[in-house]
Structure formats: C-alpha cells, structure tokens
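J.: There's a structure below that I have some questions on.
We did not get these values from a lab; they are worked out from the coordinates using the rules stated. Predicted model only: the values in this text are computed from it and were never measured. All Cβ positions, even for glycine, are placed from backbone atoms using ideal geometry, and neighbour counts span all protein chains on display.
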Amino acid sequence: MADVLKASGRRRGLRGKCRRGGFSLRVPVVSRRSTTGYKLGSRWDQIGSHDAGGVSSCSRWLSAATPPGRAGIEFDTQPGAGYLFDTRNLAIQGGGVLNIISVIAIVFAGYCVAKEVPKIAFLPSFSDFDGGTPMRAALPAFDARLQAELLKGWNSEVLSRAGLSVVVFEQKLRAVGEPSVPMLRVLPSGFLVFCVLDQPNKQLRVYVNRVSAGMALAEPRMFPIRDAKSIANELPREVAKHVAAVAGLSPNDQAAPSRSGTQKAVVCSLLEPVNTGGANPNLGQVSPLIRAVLESLVASEEVGATLVERSESSKLLEEKAMNSINGLDSNGATHLGRMVKADLILIPFIHFQNPDRIDTDLFAVDVATGRMLACRSWTGGLLDTPPAALVRELLFEAVQTAGESSLSPVPDDRGLRHAEAGFMIGLKQGWNGLRQLVATEAELSIRLGDAALALASDDEAIMRKAAKTFYRDATPAALHPLVFEYNPDDQGISQISALKKSGQLDLLLQQARQVFELPMTELARTNADDDLQLLAELWIRLGDSTKAWSILTRGGQPIQELALKSPYYQTMVVALMNLGRYQECVDLLENRKKWNSLCTTILLDAYRALGNKQREFEIMRLNLKSACKTERTTSRFLDLAIERGEAGPVVGAVVATGNSWMISSPRVRKSMSRARVAAGQKELAISDAQCGLIAAVKAKDVETQKEMRAIISELGASPIVSLPAAREFLVFPKGFRIDLIHDQTVDLKYVSEVAAHVAAFWGCPVHVRSVRVDLTGCSGYQKLSQALELNFFADLLTHVSFPDGSAIGTVFLTQTKLISKKKDYTGDVYCLSRGAILVLSDHYFRKFKDSDARPLPLITAIAAAKLTGVSRMVRSQTKGTGSWEEVFFPPPPDLYSANGNLHLVALDLGVSPATGAMLEKVSPSALMQSIPEINARAKAETAPPAGTDLAIIIEFNQQISEAKPTIINP
Amino acid sequence: MKIRSHLATFLLTSFVGTLSAYAGISIAITPPIATAEAEGVEAFVFEILEVNLSGNAQYDLVDRKKLSDMLAEQTLGAAALTQDQASKVGKLVGAKYYVFGQSKQAGGRTAIQCRVVQVETGLLKPVLLIVPNNEDPMKAGEQLATQVNDAIAKLEGRSAQEQAAVEAAQKLDVAADAKRPVFAFRIPEVSVTTSANTADPAAEKSLEGFLQTNDCKMVALSRPSQSESAPPVAAIAVLATSQAPVKLGAHLEGKEHEDLLAEARAKGVQVIILGVATSERATQIGSFSAARARVEFSAVRVSDSRILAATSGYGVGTDLSNFVAEKKAIESATEKVQAKFVERIISAYNAPGA
C-alpha cells in the first residue's frame, strides 16, 4: 500500500540522512496545511559543498524510485537559496521507516554509480597558421572521428558540444508541454577536450581539461603529424587513447546493442551538417545538399522516422507570436507546448577532401542531456542516398541507449555547468594568439557560443557574457556595406567578400542566428538598453538592419531621445549606415555633438557617401587620431588635402599622428608621394617614390609602379634599384656594438646570418649571446596559443641587466610566438621596443616562407636592424614645433619595419636617400649617451617583477653575465 | 520567353482542386534568394511552385517579408506601438504552413528541396526532387507542387485526428437524464512570480464556459475570487521555485466559510466549487513567456457541506506576455481536469441516497 509521505502527520519531522564525502542530504520536514488538499512544500537544509548536485541527484533518484505515474518531484538548485521540494506526488511503497531508508539507499547508490562513468565532451579543433592546406582540411574529419572513437571504443559518456541550442529548445518544450516534469539541463562534462593544429610545427596539441570550479587550461600533450591523411585516419585513435588515460576510461567491452527489433516511430530533429574546416568554397553548396538528402531518407518509409523543424524555430515562433497578438487562438496554435517534441537530435559531421566524395559521421544526441547516444559513418557521392540500414540502426541503438540512460539519471550540477561555460568563454581570449581565418573564428565562435549559452541557460549573467563574447566573431560582417567599396583590400573584408561569393557566409550567418537569436531575444525581454543594443547589433550583422532599427527604436520612440543614450546611439548609427540612411546618420551625430572614435570613422564614410567632401575634411582635421588610424582613412585624408590645397600641413599631421606601419603601407605611401609633390617637397617626394617603386616591384603591383615612375620622372629624378645601407651615412666609432641575445629557440646558424645582415647594414659589430630561458614560465605566457604577451614581456626585459659597455642597441631574439592584448590591437605581433631594447620573434616571419622571395634571415634582420635609439634621435632632430599645420616630419619608412604587413611593404634592408641625409646629422656619441637614459626611463615606467617572473629575471641575469659573445663583424 | 509563355498557359489551365476539409490553408513560402548565377530549372522552379500553389483554391499564400520587423516592434515595445503598427500586425493572416525552399546544383543535376513545416506542431515533411540541370522548369515545378500538396495533406490529416481527440475530451459524458445542479464558484488565483499581479480567476471562467456549453446553470456569488478578510500568512511552495514563499488568502475558514455557504443557499446554489489556482513563470523561449499552473478543486454540496468530488491538475501556457501566459496556464490546467471532475460531481449528485 502506498503511503503518501506528505499526508502523514505522524511522520512530521522525520529525517533521513546519508553522507558521502562533502555531500549530505536530509529528508525534509513535511507538513500539511490546507482545506482543499493544498500541500505545503518544505525546505532542504543546505549542508556541505556539493548540495546542489546532491539534491538534484536525490530528486531524480527519488523520482525514479516512485511508481510510474506518481513521480512528479520538482526541484531547484539555486545555491544559497535553500531548496524547495514539492512532495505532492512523492509516494513510498509500503510505508514505514524501512522504506524511507531504502529510498535513501537507492539515492546514495545511484549517486555513487552515476559518478563512475566519466563524461567527456569535445570542442572543435583550433588551428594555428590557418590556411587552405590538406592538413587543415583534414581537421573536421579528426574532430568527428575522435568523438566516434570515444563513443564506440571506450567506456565513457560522450557529451555533444554541437547543436546544444536545439537541445535546450527541446528541454524547454518539454517544460512547457508537460508541467509536472522538471526542467532538464544539458549535462556538464567531466573532461573537456580540444586540440590545436600547429601547422608550422606539424603537431597537434591536445588539451584534456578536467572540468571543475575555477578550472584552468590543462598542459597540452603534443602529437606529431606525419601527413594530412594521418590526421583523419590514425590520430583519432591515438588521441582517444590519451584522453582515455587522462580521464581513467576503460575499454568498452560491452556487447554491441541489438540492431534488430521494432520500435515506435521516432521523432527526430536533423541539424545542419557540422564542418569546422575554415574557409571552404564548396561548403555553401555541399552542406545544404547533404542535409536535404539525409532528411529525405530519415523521413522515408525505409527509415520511418518523423521529422520536426528546428532550424527555423524562430520563424515558427514569429507566426505563433502574430497569432498571439491577434488573439486568434487563446492557447491553441500559439501554445508552444503543442509543438511535437523530438526524441533524438541528429547531427551530421561532414568532411571531404574533394566536393564529390563526402564522409559523414551521423551522431544521435539525447534531448534530455545532450549525450551522444550512437554514431554511424559512411562515405558517398554528393547526391547519393545514404545507407538506410545504417540510419535505421543508428536510430534503434540511440533510442535503446536513451531508454537505458533514463533509468539511471545523472544529477545536474549547476556549478559544474557554469564552470564549463565560463571556461569556454575564457577560451576566446586565449585564442587571440592563434592565426586563424575569419571563417574559422566564426565557426569556433558559433560552436563555443552555442555550448556556453546552453550550459548556462539558467543564468542570465553568464548567458549575457557568452553572447557578448561570441556573437561578433560568429557573424562575419563589415561595419556597414560601404566598407566593401571603400576598403576592399583590408584582409578581413576581403575574406568576408570571398565567403559571400562562395555562399559560405550565408551558411555561417544562418548557423549563428540559430544559436544566438533566441537566447539574446530572451535576454532582451526586459527592454534594458544594453540587451536591446546587443540584440540589434546581432541583427545588423545577420543582415537585417530593418529589424535592428525596429528593436532600437522600440516601436517608434523618438529618435532624438534615444540618441542621447550612450553607447546606445552607436548602434543606431551603425544601423542607419546599413540601411543606407546616411543623412539621418550624419544628423544624429552632429546633433549629439559628441561621439566616439568609431563613430568618427562612420561619420567620415557617411559624408563621403553624401559627397560632402568639405565637411569630411573638416571632421578629419578635427579628429586627427581617427583620420590617421587606418590606411584607408589616412590615404583619403591626404587625397582630400591635395584637392583642397592643404597637402603640406596634412602630410605633417599624418606623420606626427599616424604610426609607422600605416605610413609604410603601399596605399598611404602612394598618397603621400602625391601629397609631397603637391606640397612642393621635391626631395622627399622623390625619396618616397623611389622607396614606393622598389616595394611595388617586389609586390608586382604594376599600377603603383607606373604611378611611382611617373612621379620620379616628373620631378626629374631617376629610379633606384636598391636602397643604400645605413653605414653609408652614419659611421660608428670603433668599440661601438649591437647586442643580439637569443634564447636558443632559434637555430644558431640562422642567428649568425641575421647578425651578419645587421652588422653589414650598420657597419657595426654584432655581439651574439645565447641564454637558455624558459619563457613558458612567464606569467604572461598563454598556454592555448602558446604565445607570450609581448607588452608584458617587454616590460619584464627592462629589469634585465644587459652587458655593460657601448651597445647602441640590444635585440632579444626568440622563436616564441608573441601577441599583443592591448585595447587598440589584439593579435600577433613580432616586435616591440622598450627603451633601446627590442624584443623580436621570428615566429611570425615563417608565414612568409612560401610567399616571399626574401630569405627568412634577411626578413628577420630587417626587423632586428630597427635601432630605437637611432630612430629617436632622427625624430628629435627633425621634428618641428608649433601648431599641427607647421609640424613636418618626413617618415623614414625604410628604417621601420611594420607589424602585420611586412610582406606587403616588401622592405629592403636599406634606407632612402632622404633618410640617409638625416642619418648623417646623428652624432654617435650623443646617441651613446642617450641609451642608458632611455633604458632607465623605460624601466621606471614598469612594475618590478615578482614570483616566477622574478625568478626568470634572476636566471636571465645570471646567464647573461656568464655568456661569452660570438662577435660578427661587418 | 518560353518560360513566361508556359507560365501564362499554366495559370490559365491550373487545376481547380476539389475543396477539401482543409480549405483556406494559409501558406508562407520562402524561396531561396535568387542569385545572378542561377539559371534553368534552378532559377524558375520556385516561381512555378508559387504560381501552382496560389492557383489552388485550397491555399492562401501569405507574405512574410515584414512580419519579423513588425513583431520586433511589438514584442519589444508593446507600450509604444502606434495604432498604425498595431493595425498592420492585426491585418496579417497567420501562416499554418511554412514551405522553405532551396535548390543547388551538383554536377549535371539539380537538387530542389522544399521543407514543408506545420507551424503549430513544428512537424516537417521534406520534399526532395533531383532532376537534370536542363529539366523543363514547368515539369519540375508541377512535380514539386504535387509533392508539397501531398505533404500538407498528410500533416493536415494528423492534425485533424488530434483535434478530434481534444474535442472529444471536452465533452461531458453523463447520462442524458442525470440532474445537473446549480453551480457557484470560489476559485482565487495567485501568481508566485515576483511582482506579478493577481489576476481575474481564469480557472473559474474556464469552468463557467465548460458548464455553460454543457447546459449547466450557474450563479455568481458576491465575491467569487477574493478573500473576505486579510490573507492569512502561509508559506506556500506551489511549484519548484527558488523564490521566497508567497502569502496567500485562498482558503476560507470558520465564519467566512459559513457566510459563503449561506449566500450560496440564499441564491439557490446546489454545488459550490471551492479551490485555488496558482501560477508562476516557468521559462522563456525567444519572445515567449511560458508559465505553469496548478489548480485544485473541491465540489461541496451546499445543503450539507458534503464534498462530492475533488481534483487537481497542472497546466502550461505560453504567450508574449507573462501575465497572459499565467492565465493561459491556469486555463489549460482547468481544461485538463474539468470534464472528468464535473462528471464525478453530477454522478455523485445523482447517486441514490446521496
């Protein structure tokens, strides 16, 4: 006889208790106060640190322990709030204390058993030195097969980290369809695995991260890659073994489930094929076809499954919303609970070496937990019908496995879920040092955003953070469409154009919409400015600026009032530009009178589109930093100045404001040469044009070559074939030297060649010293990208005691990858100066190995030859004073190498005649005197090292003092 | 030109299907974005499909280009929605089916896919046509239209069956000669959602509607859904929630209860349904709020205070407004239990010796 615990007054106050480690559970005090049978719930006392999972576990196990039709336990795991436990439907067979104890025993046993099988989840692999190589193309195959390997060969639970937004949608549908079931959550993993393909080093870095509160990135294990084929064929098994070893998995010795039998019609949702292969011109064509063929098969009589639509859920919701507004159906067609729920989610992972032969790994995912239940793989032609028998098998096995899993439910663990979501959000920062294409970053952002949003679907703060972190990269887009016309050569813009042309951009945007639309709409439901702004930005990037504008104006509120909100107005401006409403954009900003630098660029584009050059030029003059921020704005500034007869002052302004890499770019150099001609700066114009011509010849830029030749000819000069060395203009006395210190990550012969080039250029001996320093121990070292934060490291180096004596410059050369994480630039860089110390990594230069005719030691030497002390002296001797119109400083592009575009500049290790003339004025003794001063100043501006960093400096100093130099003479 | 003349001929000769039970079905078609490169069958097939479906008297094709924008205004700024905007939304006809189309060429063949989706249930019927690139677009379009028709017919058939089951569940199954008592209600409603307002009693209204449909008489009491005095302090966990328990003035005791029965007797009430309806916000799906509710009813014979039947149930409602969603949830919970509950009341009321 069933005894309802809640209804029994004599059991009031009864408590059971079980304890395991930090976990403790008490059966709640139960009471009853109602005349209509209304039952009062009670409160779990919170004991120990694992109560959230424990209570969930017990709730589920109690639920499972009750007879069918009676289980209806509601629970909630909000930490710190205590736990309300609805005992209305909790029934215990037989009654009496023994039964309670037995239930608790089941709970305890279940908890223990559930802990035994490790849960593994996989993120898509990252890629360093992304590009269309066979190795990169094989990476999606590796990802899919690694998951399949773990699923089939090892005793573990493999959790999907793809398609989770659909899992969450299904879970919510269940909650709105059947009110008595608890809200399901995606399971957190025990181990989160992902890999980084390091193409230059031909290795795969595998990170097996234990998921826990405050989790950190694990130490990677390196797997050498023999060739592209081995990535797809052999590595998955090897890596699976490694994962199994770390996670403590045993080989799967269970018999394969029966593949025959009948079952009820399965309801499935088939998602878009997954392929994280980066930029792939075939994907836009292939992916929809594969899905179409697969859908057709799954719904056919041969397989017999029922399909539900989940890719266009938002469109269905819009229809329901419209009916709801119209009051067409009180709670019928508009009721989301009427939507048919999927039993399984099917996710095809596709990969191909050519568009005609496609490998497919089809995974079935459990809607209740996000577990991968089964997998089948096949290879076939694009429009070939997949093997129906395999798909049937997959569905049967998946349903069977899901049924078995539901008998042993695993407790939710809110803390772990959130820790995993937080870790994924943190990865976005970590991958800044990886050189990945726009398409790859979009794919990763979509996948990580999807997983993080799903794992934290019950926490708006984490959801908001995840959305903010990933939505932008997930939706590759120009700020507004004019950028494609005004700045087509920009690396990011040209990649987006290519993606658009191949159809892959549409695919990416569609996937991004499926991931971000619903969660960000949910976040915006309170109409908070920040959330509306975020949602509107998403829609702008997805290409629907009309919708974004509707959101921003909130159904027609006065624009003037909304434009006063900051930074809200910024998104309004971007929306207007995307809608082609340039005059309104201009009016909005001009009426505000104040705007940020991003909006200055937008305003300039708007005036340009409107043909108002006068105001465009005025805005540039008033906002020099913005005008000289990018190549295209600087070039435009100079061109407008020529038109308006103000070339001279603008050249001065550009030189004083713009940075050297921007001024050295071919585009700006072209405009600069023309501006100098217009300003009557004949000698400098000739010098710039000569440098520009050399660069254009190397870059095979015929148009620029013609233009430069024309300028040189007009000015009565002759082209030069190569640039002279600095030693021809500045002669250092005997005893002066340049120090080159390397950390043994660079080949010694290579270092010697670099040193020889530098010595020949300056006419000064180079002293080469070798130290062995483990830079991976620095606190500025990032494990994921295996890169060193350069600003941090350069600061650190100011505290090193470099060799005494007459060094006119010190170069620290390493092969460790360097990145910058400054606000104005985040990404990889190759050099930075602090005082007279130059930190230089040749890691970046390896990018040019295949595309640049110059030998790598020469490229490295061009960067190493930049002596900060000399540059400073040239600048101080030539810089004018007074208002910006009077400042004139000829840029010596040939002295500065440029971050990010060295291959475009195509520099020689030489100086222009104009720069040579300036070098002649430099006094070596004055230069020598200035070095200790600028080093001391740099040191004073940095914080003293501590901890491991201090230990590294001490070790560094020790080795420097002991190292004997190898002297390379000119 | 050839294609155009085919289209004109087709329009003239397009079949007029016999009107079926699913006449007037509204369909939204979203063809792929036409690209300059598309040619032949890929370029025209969806145009022909659209013409074909629009020529079918069973279907109303609806435009969906502006819906999304208007809904964005509505859901995010309902208070600020202008009359004009509201009327625009109101004039739109809801689509019962969506047809998502796309076509891609692969080698010498073109794959044309239509994904036919029933909006209410989300059920999907895929239609895939693989034809040579030089296939006559007219022929392919007609084939596609036939298959889309079939898909809709199948989904409509399933829908009709389910609707019939729902309607059957709402019919009162009692003996024709059974006496039906005069009813009155007292079913207060409480929302557990923080800062939510207590609303009109949806449960009571739902029961009223049901009893009226089934020819039962009802009498309104003076305060059917409000407590007579200040609500007693009671900690109630209605559904699982992390929020603080709420106060509820739901149950009458002592004199209040006796006064209620006295009023009922005076007004000729034979059975009074006492109960409580509680609701809370459950989750959010896009712009939709989902709410859950629980209702509990007892039927008390006024003459002797005997309880004739008692029941309880859960329901869920979804709406753009959380407030309305909670109302719908209560209504849904009531609809689930009301038929059986009233049957038991009438049965007990008519029982010999009762």
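J.: Ranked highest first by the average count of other Cβ atoms within 10 Å around their residues, in what order do A:306-312, B:207-213 fall?
T.: Highest to lowest by the protection proxy: A:306-312, B:207-213.
J.: For region A:269-408, what is the convex hull volume of the alpha-carbon atoms per residue, in Å³?
T.: 137
J.: Within 10 Å of each residue's Cβ, count the other Cβ atoms and sort B:Lys217, A:Lys547 from fewest upward.
T.: With the fewest neighbours first, B:Lys217, A:Lys547 line up as B:Lys217, A:Lys547.
J.: Please state the charge dipole magnitude for region A:706-845, taken about the Cα centre, from unit charges on C-beta atoms (+1 on K and R, -1 on D and E), reported in debye and rounded to the nearest 20.
T.: 40
J.: Please say if region B:250-296 is rounded, prolate or oblate, where rounded means a/c under 1.5 for a ≥ b ≥ c the square roots of the C-alpha gyration tensor eigenvalues, and otherwise the choice is prolate for a/b larger than b/c and oblate otherwise?
T.: prolate
J.: Pairs A:Lys172/B:Lys125; A:Lys119/A:Lys172; B:Lys125/B:Lys154: which exceed 19 Å Cα-Cα?
T.: Pairs exceeding the cut-off: A:Lys172/B:Lys125; A:Lys119/A:Lys172.
J.: Oh, and also: Once Rh for region A:671-724 is found with the Kirkwood sum over Cα pairs, what is the Stokes-Einstein diffusion coefficient at 20 °C and 1.002 mPa s, in µm²/s?
T.: 199
J.: Let me ask you something else. Could you list log10 I(q)/I(0) for region A:126-229 at q = 0.15, 0.16, 0.22 Å⁻¹, which the Debye formula gives when each Cα is one point scatterer?
T.: -0.80, -0.87, -1.23
J.: Taking a 25 Å limit on the Cα-Cα distance, which of the listed pairs A:Lys670/A:Lys817; A:Lys500/A:Lys670; B:Lys205/B:Lys267; A:Lys625/A:Lys821; A:Lys341/A:Lys501 fall beyond it?
T.: Distance filter (> 25 Å) returns A:Lys670/A:Lys817; A:Lys500/A:Lys670; A:Lys341/A:Lys501.
J.: Provide the three semi-axes, in whole Å and in decreasing order, of the ellipsoid equivalent to region A:538-611 as defined by the square roots of 5 times the Cα gyration tensor eigenvalues.
T.: 18, 15, 11
J.: What is the local net charge at A:Ser127, summed over the other residues whose Cβ is closer than 12 Å to its Cβ (Lys, Arg +1; Asp, Glu -1)?
T.: Combined, the nearby Lys, Arg, Asp and Glu give -3.
J.: Just need the relative contact order of region A:472-618 here, percent rounded to a whole number, with Cα pairs under 8 Å and 6+ apart.
T.: Rounded, it is 18 percent for region A:472-618.
J.: Filter the GluC sites (Glu not before Pro) in region A:939-970 down to the DSSP loop ones having no more than 13 other Cβ atoms within 10 Å, then list what survives.
T.: Passing both the DSSP loop test and the Cβ count: A:Glu941.
J.: List, in order, the whole-Hz ³J(HN,Hα) value for each residue of region A:732-744 obtained from phi through the Karplus relation with A = 6.51, B = -1.76, C = 1.60 and θ = phi - 60°; use x for Gly and Pro.
T.: Once θ is set to phi - 60°, the couplings for region A:732-744 become 8, x, 4, x, 6, 8, 10, 9, 10, 10, 10, 9, 6 Hz.
J.: Follow-up question, since we're still on this one. Could you compute the net charge surrounding B:Gly107? Neighbours are other residues with a C-beta less than 12 Å from the C-beta of B:Gly107; K and R count +1, D and E count -1.
T.: Taking every Cβ under 12 Å from that of B:Gly107, the sum is 0.
J.: Please report, in Å, the Rg and the Dmax of region A:626-753, where both are computed over Cα atoms only.
T.: For region A:626-753, the Cα-based Rg and Dmax read 18.1, 55 Å.
J.: Could you pull out every residue, at least 5 positions away or on a different chain, whose amide H is within less than 5 Å of the one on A:Leu784? Hs are placed 1.01 Å off N in the peptide plane, and Pro or chain starts have none.
T.: Excluding prolines and chain starts, which carry no amide H, there are no hits.
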